Amino acid sequence: MPHSLIPLERIERRILLIRGHKVIIDADLAELYGVQTKVLNQAVKRNKDRFPPDFMFQLTKQEKHEVVTICDHLQQLKFSPALPYAFTEHGAIMAASVLNSPRAIEMSVQIVRAYVKLREYLATHKVVKDIALLKQVVAIHGTDIEEIKQLLRQLIEAPETPRRQIGFRTGKEE
């Protein structure tokens with residue numbers, strides 16, 4: 001099976017949210033690029049200047065524990081003494097360029113597509129959520145506006161009752 005036929009969903013499942021960034025763990029990236037994790041990390045270390053903190057960062061022990069807990073396919077990391085690296089979209093592309101293999105380049109295109117699809121999904125989900133919130137607000141304000149309109153109608157349509165005139169009476173007015 002050609003590598004380009006790896007389902008986008010398989011790549012999307014590898015994208016995690018850590019420290020507010022959408023990332024792929026080094027073991028998953030290495031698998032997608034068809035190399036061992038050790039080979040990927042060595043290539044990255046040889047090109048450290050190409051990987052600023054917004055491209056790649058190392059997980060803490062706590063983050064590693066959480067990743068292993070929620071991702072069944074990363075159970076092998078549980079017993080590894082090394083802390084894994086997390087690659088952002090830009091870091092994943094840069095990793096493909098330092099590996100410079102045909103598969104890495106081909107898979108980097110697929111990874112970018114997965115990130116774009118995920119971004120579009122999140123944007124759409126936010127829009128839907130915002131619309132639902134607006135509907136709630138409009139419903140609440142609609143009820144308030146109706147109550148105000150009814151009170152105004154009562155004031156406008158109130159029957160005029162003859163009122164006594166205010167002021168001093170001398171008794172001759174009658």
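The values are calculated or read from the model by the stated rules, or taken from the named source; none is laboratory data. Nothing here was measured: the structure is a model prediction, and the numbers come from that model. Note that each Cβ is placed from the backbone with ideal geometry, even for glycine, and that neighbours are counted across all protein chains shown.
How many residues, within the range 62-82, are touching a strand residue (DSSP E or B) at 6+ places or on another chain (Cβ under 7 Å) and loosely packed, with under 14 Cβ neighbours inside 10 Å? Break it down stepwise before answering.
Of all residues in the range 62-82, those touching a strand residue (DSSP E or B) at 6+ places or on another chain (Cβ under 7 Å) come to 63, 67, 74.
Checking the rest, the ones that are also loosely packed, with under 14 Cβ neighbours inside 10 Å come to none.
Of the residues in that region, 0 qualify.
Please specify each residue of the range 80-108 satisfying the condition of being at pLDDT below 80 and of a type in the set (A, V, I, L, M). Those that are at pLDDT below 80 and of a type in the set (A, V, I, L, M): ALA104, ILE105, MET107.
Conditions (1) in contact with a Ser or Thr (Cβ under 6 Å, 6 or more places away or on another chain); (2) at pLDDT 90 or above; (3) basic (Lys, Arg), marked per residue:
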site	(1), (2), (3)
PRO2	no, no, no
ILE11	no, no, no
PRO52	no, yes, no
LYS78	no, no, yes
GLN110	no, no, no
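For the range 72-87, a tally of residues being touching a residue at least 24 places away in the same chain (Cβ under 8 Å) and charged (D, E, K, R) returns 0.
Out of contact with any Asp or Glu (no Cβ under 8 Å at 6 or more places or on another chain) and at pLDDT 85 or above: which single residue out of LYS64, LYS129 fits that description? Every option except LYS64 fails the conditions. Considering every residue within the range 88-98, establish whether at least one is touching a residue at least 12 places away in the same chain (Cβ under 8 Å) and surrounded by fewer than 13 Cβ atoms within 10 Å (Cβ to Cβ). For the range 88-98, residues touching a residue at least 12 places away in the same chain (Cβ under 8 Å) and surrounded by fewer than 13 Cβ atoms within 10 Å (Cβ to Cβ): absent. Residues of the range 88-117 that are over 17 Å from VAL23 (Cβ atoms) and not in a helix (DSSP H, G or I): ASN100, SER101. For beta carbons closer than 7 Å, sequence separation of 6+ or different chains, a first residue in the range 9-22 that is within 15 Å of PHE87 (Cβ to Cβ) and among the hydrophobic types (A, V, I, L, M, F, W, C) and a second that is at pLDDT below 85 and in a helix (DSSP H, G or I), the qualifying pairs are ILE11/GLN110; ILE11/ILE111; ILE11/ALA114; ILE15/ALA114; ILE15/TYR115; ILE15/LEU118.
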